[in-house]
Every structure is written in structure tokens, then in C-alpha cells.
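The structure under discussion appears below in the form of C-alpha cells.
The values are calculated or read from the model by the stated rules, or taken from the named source; none is laboratory data. Bear in mind that the values here come from a model prediction, so they are computed numbers and not experimental data. Every residue, glycine as well, gets a Cβ built from its backbone with ideal geometry; the counts of neighbours run over all protein chains shown. The area values use the complete protein model at the heavy-atom level, side chains included, leaving out ligands, DNA and RNA. Shrake-Rupley method; radii C 1.70, N 1.55, O 1.52, S 1.80 Å.
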Amino acid sequence: MSRVVWAAWRLGVAAVRGPAGRPLSQATTGGAEEGGAEGGGSGSGSREAVERLVRAHPVVVFMKGSPAQPLCGFSSAVVQILRLHGVEDYNAHDVLQDPDLRQGIKNYSNWPTIPQVYLNGEFVGGCDILLQMHQNGDLVEELKKLGIRSALLDAEKDQDKK
Amino acid sequence: SFSCPMPGPLLAAAGRGLSAMGGGCGPLASAIRSKLAAALQPTHLQVLDESWRHGGPPGAESHFSVVVVSERFAGLAPLQRHRLVHAALRAELAGPLHALAIVARTPQQWESDPHVPARPPCLGGSKHDQRRD
């Protein structure tokens, strides 16, 4: 896997962090704060509620449907990519069940679509980006940082033994 | 780019036919194309209406995929590149544009890899929506 690609990705992550080292997605996005119909206040789509969800587990996915039964091709792709890496233990939230969360998660990450993948509380991207990370080896590295050994590494080892 | 000179019902029918082939001839496709062109000055730009893949009628203009090749992406991580595309299409994403698949590469990257990953199959997601995304 290209170290240049890895370095560029890390640079990109660093660039979207604010001065306190926290992702800028948590900064004010205008209109997404208290009250109103945009998931503010104390509802399931509030900043605080979403923050609790994204930090509750190293791998958190907001999707349509569930890992057992995804209801959208893009959400299904995310589940399948994670499964390829042997990641089956993660928190998945079905936004179709909770309209406040559905809007709240978009406000939180300032990202307009579902699915959304969070690693270690940090927004990583949607289906396209996860696929790219899978293809260029970045996902294996990111999982490693979370203490998760990708199943693909074991698959490679098995191949070497043949 | 190509123009759609036929008015009214003929345009709708033509739009359906072209959209059935995955092209983008409707007003949303045109808006997406012109906004991305203005924002990112792409050297290559492909805008496809993929609503037909998601159970919508041909020409539904709800799900799109875009391939944007632009020097503006140089030095930017994938997340930042996608955010640039989203920013250009903010109004559409707040409105009728329900889903957007993005390939964002620099001209150098596109030259060495001009292929687009296969789209995941639809699993009927839109039909499960009680309200729009």
C-alpha cells in the first residue's frame, strides 16, 4: 500500500480538524444548533445525542436498514466491506427508524447523505470513500489503529502458505 | 455536452429514453453539470442519472453518479474532495437530489486509472422512505 496515499489521507484528516484537534464537522455549521426543526435541543438528532452515538463504539455506521437486512445498496456496500475485513462487531443505526436522527447525523457531519461511517468517533465518509479506503489499503491501517485486525491480513497469510 | 432541443412531451419522452440508457438529459442533470463545471473546472465530467437503478421511473432524477476530474482536487483527501462536490451542489442536495455517488480524481489519477468502480445494486431503499432524504 502506498505510503504516499496514506500520508495524503492523514494530511487530509489533519486539515479538517480545527485548532483544538477536533473534527471541524463538530464546529458550528449554522442553523444546526439549538432548537428548531433541525434536530436541535434534546432530541435523538441533537448534537449531544449524535456525539454520544458516534463515540459509543470504535466503529459506528448510520445506514438504511440493518446489517442483517440493509435497505439501500450503498448501505449494503458498507456492511459488505466491513464484513470482508471481518468487522461484524459495530454499532449500526437505522436512520429510517428515526427521522430526527436522520437529519441530526447530517447536521453533525455536515454531510448530506446516508450511509455515514465513523471510526473512533471521527467521520470517515460514505460508501464511495469506504470503498476507496478498502481498495487502497487505508481501511486495513485504520482498523489496525483501532486495535482491529482485518481479516484480509489473515487471508493473505493463508495464501502465502499454499 | 449535448443539448436537449425538443420541447414539452417530446422532451419528456426523449428524457426517459436517454435516462433509461443512464444518460442525463433532464433539468437536474443539467444543473448538476453546469454547477460542477463552474465550481471545479473539470477536465472530464460525467453526470449520470441512476434513478432507474433504484426503482424510480426512467428520468426520475433522484439518484445521480458523477465522475469529476479536476486539478482542484490535488492535495485533497477524498473526504475534502467530496465536500467540494457537495458544496457545489448544496441546493440540489437540499432538494430533489436524493443520492449522489462520487468519483473525484486529479487529471493524473484519471490518466492512470480511467475506470469507475461498479455501482452497488439497489435494495429498494427509496421505497422504504416515508419522507425524502
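In plain terms, the C-alpha convex hull of segment B:27-111 casts an average shadow of 5.2 nm² when viewed from every direction. For segment B:27-111, the per residue solvent-accessible surface stands at 39 Å², with DNA, RNA and ligands left out and a 1.4 Å probe.
Counting Cβ atoms of other protein chains within 10 Å of each Cβ in B:66-76 and taking the mean gives 1.
Backbone geometry of segment A:43-51 corresponds, through the Karplus equation with coefficients 6.51, -1.76 and 1.60 at θ = phi - 60°, to 3J(HN,Hα) couplings of x, 5, x, 5, 3, 5, 5, 5, 4 Hz, x marking Gly and Pro. Evaluating kT/(6 pi eta Rh) at 10 °C and 1.306 mPa s, with the Kirkwood radius of segment A:47-146 over Cα pairs in the Stokes-Einstein relation, gives 120 µm² s⁻¹. The protection proxy used here, the mean number of other Cβ atoms lying within 10 Å of each residue, ranks peptides B:59-65, A:54-60 as follows, highest first: B:59-65, A:54-60.
Around the amide H of A:GLY86, modelled in the peptide plane, lie the amide H atoms of A:ALA151, all under 5 Å away and 5 or more residues distant in sequence or on another chain. A 1.4 Å probe over all protein chains sorts B:LEU84, A:LEU130 by accessible area into B:LEU84, A:LEU130, starting with the largest.
Between the amide H of A:HIS93 and those of A:VAL61, A:PHE62, A:MET63, distances stay under 5 Å, these residues lying 5 or more places away or on another chain, with hydrogens modeled in the peptide plane. Gain in length, B:GLU111 to B:GLN41, computed as 0.36 nm per residue apart minus the alpha-carbon separation, to one decimal in nm? The span from B:GLU111 to B:GLN41 would gain 23.5 nm if fully extended. Take the accessible area of A alone and of B alone, subtract that of the pair with a 1.4 Å probe, and the total buried over both chains is about 2400 Å². Amide H contacts for A:GLY125 (H built 1.01 Å from N in the peptide plane; partners 5 or more residues away or on another chain; cut-off under 5 Å): A:VAL117. Excluding same-chain neighbours fewer than eight residues apart, the lysines reachable from A:LYS157 by a Cα-Cα span under 21 Å are A:LYS144, A:LYS145. Between A:GLN97 and B:ALA118, the FRET efficiency from the beta-carbon distance, with R0 = 25 Å, is close to 0.30. Exposure check, 1.4 Å probe, all protein chains in place: A:HIS85 carries approximately 0 Å² of accessible surface. Taking all protein chains together and rolling a 1.4 Å probe, A:ASP128 ends up with roughly 30 Å² accessible.
Residue by residue along A:124-131, Cβ atoms of other protein chains within 10 Å of the local Cβ number 5 on average. Of the peptides A:106-114, B:104-112, A:45-53, the ranking by mean beta-carbon count within 10 Å, highest at the top, reads A:106-114, A:45-53, B:104-112. If R0 is taken as 51 Å, the Cβ-Cβ distance between A:ARG149 and B:SER30 corresponds to a FRET efficiency of 0.60. Modelled label positions at A:ALA56 and B:GLN80, each set 7 Å beyond Cα in the direction of Cβ, lie 3.3 nm from each other. In this view, the solvent-accessible surface of B:LEU45, computed with a 1.4 Å probe and all protein chains in place, comes to about 50 Å². Computed from backbone phi with θ = phi - 60° and the Karplus coefficients 6.51, -1.76 and 1.60, the 3J(HN,Hα) list for segment B:92-104 is 5, 5, 7, x, x, 6, 8, 8, 9, 9, 10, 10, 10 Hz; x is used for glycine and proline. Each residue of segment A:56-71 was assigned a 3J(HN,Hα) from its phi angle through the Karplus curve 6.51 cos²θ - 1.76 cosθ + 1.60 (θ = phi - 60°); the sequence is 6, 7, x, 10, 10, 10, 9, 8, 9, x, 10, x, 6, 9, x, 10 Hz, with glycine and proline shown as x.
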